[in-house]
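Have a look at the structure below before the remarks.
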Amino acid sequence: MKKALVLGASGFIGSHLEHRLKAEGHFVVSVSRHRPRYRESVADEYNVFDLTQTTEKHHYFYRYEYDEVYQLAGEVGGLTYIAAGANDATIMSRSVQINLNLLEAMKMYGAGKIFFASSACIYPDTYYRPSEAEYDLLDHAYLKPNDGATPEHAAYPANPPYEFGWEKLFSERLYEAYARCHNVEIAIGRLGNTYGPYCAWHGPRAK
């Protein structure tokens, strides 16, 4: 039985992940700024806490020797929230603070692997086909069709249309820096639009 920490457990993905991990028989500690609104938590321990608070105030979340940490917390929502412009400063500052606090805590207290939920919003809305010279420069910040791709294939350079995407792209680099400099074991997933049962269907953050 592994021990897992789910941050942002009241959200759509976090809630489903918590239930999945428990169904697989694991010990789960969940953290979010409020209780889930659409279903009951099944975590072994649920902590209501604002993760923008400093590392010293939430170090007790790391009193277990976790095998896996899932970082899903942040300022998120549908396009009516992330593309409105009025929420840009909140989205960027709060999400970056959460990730900084988490990585500092991982460095201080140690833990197993950490998964960071990035977003497909790091890519532009418009279709792009690079030149041969540009294609030669493609790196991890680009989505490649496959390992043997050629310049004839389409590629999408990281060029976010919203500040939400820029924050995700910056945080990816932040996680990579901590992995290099502080031996934090990371995994990053760029998630597409997600919705379904127990998702917010009404209000400014609805999908």
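Take the residues in segment 177-187 that are part of a helix (DSSP H, G or I) and under 12 Å from ILE114 (Cβ atoms); name whichever of them is most open to solvent (accessible area, probe 1.4 Å). My answer is HIS182.
Of all residues assigned to segment 42-64, none qualifies as being on the phi > 0 side of the Ramachandran plot and open to solvent by 10 Å² or more (accessible area, probe 1.4 Å).
If you go through segment 86-114 and keep only what is surrounded by 21 or more Cβ atoms within 10 Å (Cβ to Cβ) and at pLDDT below 85, you end up with just ALA111. Within segment 104-132, residues that are at negative phi and among the basic types (Lys, Arg) reach partners that are surrounded by fewer than 16 Cβ atoms within 10 Å (Cβ to Cβ) and at pLDDT below 75 with beta carbons closer than 6 Å, at six or more positions or on different chains, in the pairs ARG129/ALA154. Determine if segment 46-59 includes at least one residue that is touching a residue at least 24 places away in the same chain (Cβ under 8 Å) and touching a strand residue (DSSP E or B) at 6+ places or on another chain (Cβ under 6 Å). Scanning segment 46-59, I find at least one residue that is touching a residue at least 24 places away in the same chain (Cβ under 8 Å) and touching a strand residue (DSSP E or B) at 6+ places or on another chain (Cβ under 6 Å), so the answer is yes. Among the residues making up segment 162-176, those that are closer than 13 Å to PHE115 by Cβ and among the hydroxyl-bearing types (Ser, Thr, Tyr) are SER171, TYR175. In the condition set (1) open to solvent by less than 30 Å² (accessible area, probe 1.4 Å); (2) of a type in the set (D, E, K, R); (3) under 24 Å from GLU176 (Cβ atoms), GLU18 is compliant with all but (3). The criterion of at least 2 residues that are closer than 30 Å to ASN193 by Cβ and either small (Gly, Ala, Ser) or over 19 Å from the mean Cα position of the chain (by Cα) (or both) is met by the following strands (runs of 3 or more DSSP E) wholly inside segment 26-78: 27-32.
Do we have ALA83 as over 16 Å from the mean Cα position of the chain (by Cα) and open to solvent by less than 20 Å² (accessible area, probe 1.4 Å) here? So ALA83 does not fit the description; no.
The values are calculated or read from the model by the stated rules, or taken from the named source; none is laboratory data. Since this is a predicted model, take the numbers as computed values, not measurements. Because the Cβ atoms are built from the backbone with ideal geometry, glycine has one as well, and the counts that use them run over all protein chains shown. All accessible areas refer to the heavy atoms of the entire protein, side chains included, with ligands and DNA or RNA removed. Shrake-Rupley method; radii C 1.70, N 1.55, O 1.52, S 1.80 Å.
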